[in-house]
Amino acid sequence: MLNKPVLVESLIVFVIVLSVHAVVWDRYSWCTVALAVQAFYVQFKWDRLLQAGGAVFQFRAAANSGLLPASVVVPLLGIAMKERCKSAGIVYFERFGIVVASTGMLVALFLSVIAVGITKPVPTNTCILTGVAGSIIIYTMKHSLTVSEVIEVLEVLLIFVYLSMILLYLLPRCFTPGEALLVLGGISFVLNQLIKRSLNVIEGRGDPIDFLLLVAVVGVVLLGLFFTVLFIFMDSGTWISSLFFHMMTAVLGLGVIMPWLYRLIQRNPLFWLFQFLFQTQTRIYLLVYWTFLAASACGVVFYQNAKRSSESKKHQASTITRKYFHFIVVATYVPGLIYDRQLLYIASVLCLAVFIFLEYIRYFRIKPFGQTLRHLLSLFLDERDSGPLILTHIYLLLGMSLPVWLFPRSCAPKGTLSGAGALVPYSGVLAVGVGDSIASVFGSTMGEIKWPGTKKTFEGTMTAIFAQIIAVALILIFDSSVNLNSSYAWILASVSLVSLLEAYTTQIDNLLLPLYLQIMFMV
């Protein structure tokens, strides 16, 4: 029997796909529609595999596979980027958008083929659909990509295959298949871009802040893989292991990551970063303000743990308590978006690296803070943190940061876009910081009418849409660079569709919703 919430979620995704291609229709549109149709059928095969325990790896329970919403995100993002850069006349990033779309399609198709291949008996109709979709995608790639671009796409696919086998084995129950597609596919693409740019360094070409993102992401992933292998052979909880952890982190950071970044930006990374952070008085004010907010977030964690009595060790933080952090993040990002987006970019990359490093300390029980972090963060766990890693706070940071990182600065006149595109950097703030937070707070406190088949309420969704519209109005008032050019109907439709998706999806909404809202705004 088909799962009705999954059907509604799929319907919303199809509406988004068709809405995007109603604005942008070209040869890649056929590929995306074909990919979406086959992903719709294949995700039910994945769901049955997960329920029967037939999947090769252990995926996150209490959620469907999420293959359809994850499969079309990267292709749609690449197509939207291609159209923006094409209209701006930036050929290099137009081709980059095509590579992004092609890579997303091929990686998603690979995950579908895996599900079909391990399903017994072999589903004939789904195999035919997958074959047709694959033929359309490969034919289009053959007539659209150069030889070097085809090699680049295949390189990402190869990295994805090996990275999936390693990380899904090491991190059971941390992802659904759809979340693995997004997270591991993104890491694979970043790693390939870093290798490509490292081999083709041209002095003075490229933005240092983009190189910092690539090196930071690859650096923390490689650091985690290194220590995972190392602590197979030794106990990570001892003082000797902890001392070795800190020493090797310093060695890898100063001996590998820093020289790598130096090669890319052609200057001392530490001096460049120090000069960048304290270049203007506005940046100093923002850094002081953000430090205060970070201290406030830590204060919330300590206060909530202090309230936990010895009689209620199983007590978990309420939904409203967890949303405190959403509001703190909104208060962090909005001033950065208005006054200094480059500083926000750098700060969010550094914060991501710190978050992942602290998670390593917690996971490996590195002294002196590992066990303390385990105790403090256990209060804020929910059903999505069923694996060995706690990823919800990292997903929150990614959801807020991805629209800032993926904003096509080179294809935007004076760093801004007109119409709904002007709201692209605010996609995370609107979808996660405002919409998801308000929906959770009002839905859990005043919601009575539930959406069929879900725990989400009609009141929460409607309040979220209304709150996001108010937030857009406030952005118009305080950010003079935003000019919507009467695209209010499209903004309302985009916000409404993404809010409905939040009500029905069982995937990590902090990661998925900002990307969909960014795509809708960008086209």
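The values are calculated or read from the model by the stated rules, or taken from the named source; none is laboratory data. All values reported here derive from a predicted model rather than from experimental measurement. Glycine gets a Cβ as well: all are built from the backbone with ideal geometry, and neighbour counts include every protein chain shown. Surface accessibility is based on the protein's heavy atoms, side chains included, excluding ligands, DNA and RNA. Shrake-Rupley method; radii C 1.70, N 1.55, O 1.52, S 1.80 Å.
Would you check if there is a residue in segment 23-46 being small (Gly, Ala, Ser) and part of a loop (DSSP other than H, G, I, E, B)? Before the answer, list the steps.
To start, the set of residues in segment 23-46 that are small (Gly, Ala, Ser) comprises 29, 34, 36, 39.
Checking which are part of a loop (DSSP other than H, G, I, E, B) leaves us with none.
Checking segment 23-46: not a single residue is small (Gly, Ala, Ser) and part of a loop (DSSP other than H, G, I, E, B).
For Met462, the conditions (1) over 13 Å from Leu500 (Cα atoms); (2) open to solvent by 50 Å² or more (accessible area, probe 1.4 Å); (3) of a type outside the set (D, E, K, R) all hold with the exception of (1). Looking at this structure, is Val132 open to solvent by 30 Å² or more (accessible area, probe 1.4 Å), over 26 Å from the mean Cα position of the chain (by Cα) and more than 23 Å from Ser10 (Cα to Cα)? Spelling it out, it is not the case that Val132 is open to solvent by 30 Å² or more (accessible area, probe 1.4 Å), over 26 Å from the mean Cα position of the chain (by Cα) and more than 23 Å from Ser10 (Cα to Cα).
Take segment 465-492 and flag every residue that is of a type in the set (S, T, N, Q) and open to solvent by less than 20 Å² (accessible area, probe 1.4 Å). Working first, answer last.
Restricting attention to segment 465-492, the residues satisfying the condition of being of a type in the set (S, T, N, Q) are 468, 480-481, 483, 485-487.
Correct list: Gln468 only.
Residue count for segment 485-499, restricted to those that are touching a helix residue (DSSP H, G or I) at 6+ places or on another chain (Cβ under 6 Å) and either outside the structural domain of Tyr516 (by the TED database) or farther than 16 Å from Val17 by Cα (or both): 2. Looking only at residues of segment 341-382 that are part of a loop (DSSP other than H, G, I, E, B) and open to solvent by less than 20 Å² (accessible area, probe 1.4 Å), we find that the one that is farthest from Phe325 (Cα to Cα) is Ile366.
Each row is one residue, and each column tells you yes or no for (1) over 21 Å from the mean Cα position of the chain (by Cα); (2) part of a helix (DSSP H, G or I); (3) of a type in the set (D, E, K, R).
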site	(1), (2), (3)
Leu11	yes, yes, no
Val17	no, yes, no
Val56	yes, no, no
Ala62	no, no, no
Ala70	no, yes, no
Pro75	no, yes, no
Ile79	no, yes, no
Ile98	no, yes, no
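Out of Ala108, Ala80, I need the residue that is touching a Ser or Thr at 6+ places or on another chain (Cβ under 9 Å) and touching a residue at least 24 places away in the same chain (Cβ under 8 Å). Which one? Of the residues listed, the single one that is touching a Ser or Thr at 6+ places or on another chain (Cβ under 9 Å) and touching a residue at least 24 places away in the same chain (Cβ under 8 Å) is Ala108. Of all residues in segment 15-73, those satisfying the criterion of being of a type in the set (S, T, N, Q) and surrounded by fewer than 21 Cβ atoms within 10 Å (Cβ to Cβ) are Ser19, Ser29, Gln51, Gln58. Residue pairs whose Cβ atoms lie under 7 Å apart, sitting 6 or more positions apart in sequence or on different chains, and linking a residue in segment 159-187 that is charged (D, E, K, R) to a partner that is surrounded by fewer than 18 Cβ atoms within 10 Å (Cβ to Cβ), are Arg173/Gln58; Arg173/Ala61; Arg173/Ser386; Arg173/Gly387. Residues that are in a helix (DSSP H, G or I) and over 26 Å from Asp210 (Cβ atoms) within segment 172-181 comprise Pro177, Gly178, listed in sequence order.
Whenever a residue of segment 14-28 is within 19 Å of Phe40 (Cβ to Cβ) and in the same structural domain as Gly66 (by the TED database), its partners that are charged (D, E, K, R) and open to solvent by less than 80 Å² (accessible area, probe 1.4 Å), lying with C-beta atoms within less than 8 angstrom and at least six residues away or across chains, give the pairs Tyr28/Lys82. Can you tell which of Thr454, Thr445, Thr505, Thr461 is β-branched (Val, Ile, Thr) and under 29 Å from Lys82 (Cβ atoms)? The unique qualifying residue is Thr505. Pairs meeting the criteria (first residue in segment 251-280 and more than 18 Å from Leu222 (Cα to Cα) and open to solvent by 50 Å² or more (accessible area, probe 1.4 Å), second residue assigned to a loop (DSSP other than H, G, I, E, B) and charged (D, E, K, R), beta carbons under 6 Å, at least 6 apart or on different chains) are Gln266/Glu203.
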